[in-house]
Amino acid sequence: NKIRNKTLKGRRTGVGTTGEGDMIAAMGLRYGTPEATEFSVSVHKALALAAYGSSVQMAKERGAFEIYDAKREENNPYINRLREASPELYEDMIKYGRRNIACLTIAPTGTTSLLTQTTSGIEPVFMPDENGDSFEEFIVYHHKLVTWMNINNIPVRRDYTQEELNAIVEKSPYYKATANDVDWVNKVRMQGEVQKWVDHSISVTINLPNDISEEMVNKLYVEAWRSGCKGCTVYRDGSRTGVLVALTDSDKKKEEEKEKAATEESASRYMAEEEHILKRPVELEADVVRFQNKKEKWIAFIGLIDGRPYEIFTGIADDDEGIFCPKSVTKGKIIKAIGEDGVKRYDFQFINKRGFKTTIEGLSEKFNPEFWNYAKLISGVLRYGMPIPQVLKLVSSLELDSQSINTWKMGVERALKRYIHNGEAAAERCPNCGQDTLVYQEGCLICTNCGTSRCG
């Protein structure tokens, strides 16, 4: 009830904007220049007059907010700017009041701007283009840069070199207008100019290099105070891991060399230890792992050498259409056999409760051909020494059309995770902090840097 009463006394609201960086670019102006700032101020002035005009109109119809008192605002700088810009609006405000104690803000709109595919709030574009990576490197364009390219008949391709991309950006209105390009002091002054027409605070971040001096940070805060900003935020590059990361060519090369060296070291160590197993033995010790694929029960047979996965076969655990194996069976042998027709096959043999050997012949004949082929792929990389974290990365990155196959591959990942030792490093970065600090613990991924965890 207290919250309701407090709210109704002022009826505070906050009309805001987003996409201002793109608007400036669309007008052919460069963010951070005096001309661009002047245009932004004119936009926010018009918005302020419209918002307050609407609030006065609602006061005519429904009454002013409860604690409105025109005398208390006689010397308010913001109200005086409105009076100077529109004497008629001010006269109506004195006569009728207004519906809202305050009307405007520039809120943090990072997520909203992802939905609108624009720059955020009154911020400039962070980067007009960047390189993404999945199986191969590719270009990710800022959406409005693509719009500009289409208007100017510039082909949008994903195979441009960095030099070609730089040449395209140089012709665009985004050139020298990114978050890292804009002069810091000018950005603060722009915020101060816009603040004159925004009654609440403005969300803006000043992006600073890692080696910024304390004196410069102090200068920016003092300038924000002098400019009339209600708040000021700075971000020093690298002060938080995984935030606003932009890798230079040398950074990318170092990362690639580091990853390559780590993979080669791990693989060479494993191959040196296990070189004698490249030729598959006739019999392999095996674990039996069961998992759920949607509503179906599946089973995996994992061939082992010295306790390490060497091959994996999966199929439906069904007596009629798939593979039947008693639930009590968790271990056995995968045997490579040759039938009377000369065709090779794989059998699974286990010891039943009475101590007799029981053989399930033709594992390969009981698999969906598509599942069988993917199992052969995974078995191949296991056989030739790929470290299990790298195998998991390969399996998870398979982009397949069939939902059944995608669910199956998650089951394969779960089956293989049991063979990773606690504390072993993962072959991927932490999705939260971006650091190479993910390790396996009881089959789950845990980041030793920020504590993020993921299981399953």
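Residue pairs whose Cβ atoms lie under 7 Å apart, separated by 6 or more positions or on different chains, with the first residue in the stretch 87-98 and surrounded by 12 or more Cβ atoms within 10 Å (Cβ to Cβ) and the second among the small types (Gly, Ala, Ser) and part of a helix (DSSP H, G or I), are Leu89/Gly53; Ile94/Ala70; Tyr96/Ala59; Gly97/Ala59; Arg98/Ser55; Arg98/Ala59.
Of all residues assigned to the stretch 301-319, none qualifies as being of a type in the set (A, V, I, L, M), exposed (fewer than 11 other Cβ atoms within 10 Å of the Cβ) and modelled with pLDDT of 90 or more. Taking the conditions (1) surrounded by fewer than 16 Cβ atoms within 10 Å (Cβ to Cβ); (2) more than 23 Å from Arg83 (Cβ to Cβ); (3) touching a Lys or Arg at 6+ places or on another chain (Cβ under 9 Å); (4) not β-branched (Val, Ile, Thr) in turn, Gly32 satisfies each one other than (1).
Among the residues of the stretch 123-132, are any at pLDDT below 95, part of a helix (DSSP H, G or I) and buried (at least 17 other Cβ atoms within 10 Å of the Cβ)? No, there is no match, as no residue in the stretch 123-132 is at pLDDT below 95, part of a helix (DSSP H, G or I) and buried (at least 17 other Cβ atoms within 10 Å of the Cβ).
The set of residues in the stretch 178-215 being assigned to a helix (DSSP H, G or I), among the hydrophobic types (A, V, I, L, M, F, W, C), within 29 Å of the chain's Cα centre (by Cα) and buried (at least 22 other Cβ atoms within 10 Å of the Cβ) consists of Val188 alone. Here Glu74 passes the criteria (1) of a type outside the set (Lys, Arg); (2) surrounded by 18 or more Cβ atoms within 10 Å (Cβ to Cβ); (3) more than 42 Å from the chain's Cα centre (by Cα) except the one numbered (2). Residues in the stretch 144-162 that are of a type outside the set (A, V, I, L, M, F, W, C) and either exposed (fewer than 13 other Cβ atoms within 10 Å of the Cβ) or without any contact (Cβ under 8 Å) to a residue 24 or more places away in the chain (or both): Thr147, Asn150, Asn152, Asn153, Pro155, Arg157, Arg158, Asp159, Tyr160, Thr161, Gln162.
Of all residues in the stretch 150-209, those being closer than 23 Å to Trp225 by Cα and polar (S, T, N, Q) number 8.
Scanning the stretch 172-216 for residues that are basic (Lys, Arg) and in contact with a Ser or Thr (Cβ under 7 Å, 6 or more places away or on another chain) yields a single hit, Arg189.
Ile3 fulfils the conditions (1) touching a residue at least 12 places away in the same chain (Cβ under 8 Å); (2) more than 18 Å from Glu123 (Cβ to Cβ); (3) of a type in the set (A, V, I, L, M) except for a single criterion, (1).
Do we have Tyr440 as surrounded by 13 or more Cβ atoms within 10 Å (Cβ to Cβ), touching a His at 6+ places or on another chain (Cβ under 9 Å) and of a type outside the set (S, T, N, Q) here? The answer is yes for Tyr440. The set of residues from the stretch 58-86 being touching a residue at least 40 places away in the same chain (Cβ under 8 Å), over 28 Å from Glu123 (Cα atoms) and not acidic (Asp, Glu) comprises Met58, Ala59, Phe65, Ile67. Selection within the stretch 1-32: residues that are over 26 Å from the mean Cα position of the chain (by Cα) and among the β-branched types (Val, Ile, Thr). The member of this set that is farthest from Ser113 (Cα to Cα) is Ile3.
The values are calculated or read from the model by the stated rules, or taken from the named source; none is laboratory data. Everything numeric here is computed off the predicted structure, so don't read it as measured data. Note that each Cβ is placed from the backbone with ideal geometry, even for glycine, and that neighbours are counted across all protein chains shown.
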